[in-house]
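Laboratory data are not the source of any read-out in this text; all were calculated from the coordinates shown. Just so we're clear, the structure is a prediction, and the values are computed from it rather than from any experiment. Please note: Cβ atoms are built from the backbone with ideal geometry, for glycine as well, and neighbour counts cover all protein chains shown.
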C-alpha cells in the first residue's frame, strides 16, 4: 500500500476518533462556497504535484479538471480542491484536499477527506464559518447519514483541520 493511501487511512481514523471524542467547536456563520478552475488559483506545475501526491491519476491530464475554492485567513490562503474525477471516488465518497498557501508562497496540506458530493438539492457540500481574525476559517461539511443530514464542522488547529463538532439534522434543513 502506498504512503499516500496509509496517510489517507490514518487521517480517516483520526477524524473518526475526533468525532467520537467530541472536541470543542468553532462558531459557524456560513457562506456558500463557489468553485473555480484550480489552475486560476495555483500554478499548473503545483497542481500537477498535488495530483501526483494525492492520487494515482495522470497529473498532466487530471490537473486540467481540478476545481478549487479559496478563502483567506491570517496565515494565508486556504485552497480546497475537488479533483472532479471518478478515479478518486469510491464507497467512502470522493477525495477533497485543502492546502494552505502561506504568505511566503509555501504550500502545505491541511485537509484531506473522502466526502459524498451527492446531497439533497440546495444543500452545499462545503460552507465556511465566518470567523474574524481566524488563522484559517472553519469548514462546515454536509453529508447524508441514512435518512438524515450530518453537519460536521472542521476547524484549523494550527497544523491541520480536525473535526470540531458533528450533529444530525433533518434532511429538509437548510
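The number of residues in segment 159-170 being more than 16 Å from the chain's Cα centre (by Cα) and surrounded by fewer than 14 Cβ atoms within 10 Å (Cβ to Cβ) comes to 3.
For segment 117-124, does any single residue satisfy the condition of being in contact with a strand residue (DSSP E or B) (Cβ under 7 Å, 6 or more places away or on another chain), closer than 29 Å to residue 171 by Cα and free of Cβ contacts under 8 Å to residues at least 24 places away in the same chain? No: segment 117-124 contains no residue that is in contact with a strand residue (DSSP E or B) (Cβ under 7 Å, 6 or more places away or on another chain), closer than 29 Å to residue 171 by Cα and free of Cβ contacts under 8 Å to residues at least 24 places away in the same chain.
Taking the condition assigned to a loop (DSSP other than H, G, I, E, B), under 20 Å from residue 40 (Cα atoms), touching a helix residue (DSSP H, G or I) at 6+ places or on another chain (Cβ under 9 Å) and free of Cβ contacts under 8 Å to residues at least 24 places away in the same chain, does residue 84 pass? Judged against the criteria, residue 84 is a match. Taking segment 51-71 as the range and being touching a residue at least 40 places away in the same chain (Cβ under 8 Å), assigned to a helix (DSSP H, G or I) and crowded, with 18+ Cβ neighbours inside 10 Å as the test, only 54 passes. Looking across segment 135-151, the residues that are in contact with a strand residue (DSSP E or B) (Cβ under 7 Å, 6 or more places away or on another chain) and assigned to a strand (DSSP E or B) come down to 139, 140, 141, 142, 143, 145, 148, 149, 150, 151.
The rows are residues; the columns are (1) on the phi > 0 side of the Ramachandran plot; (2) in a strand (DSSP E or B); (3) crowded, with 19+ Cβ neighbours inside 10 Å.
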| site | (1), (2), (3) |
| --- | --- |
| 94 | no, yes, yes |
| 100 | no, yes, yes |
| 105 | yes, no, no |
| 110 | no, yes, yes |
| 119 | no, no, no |
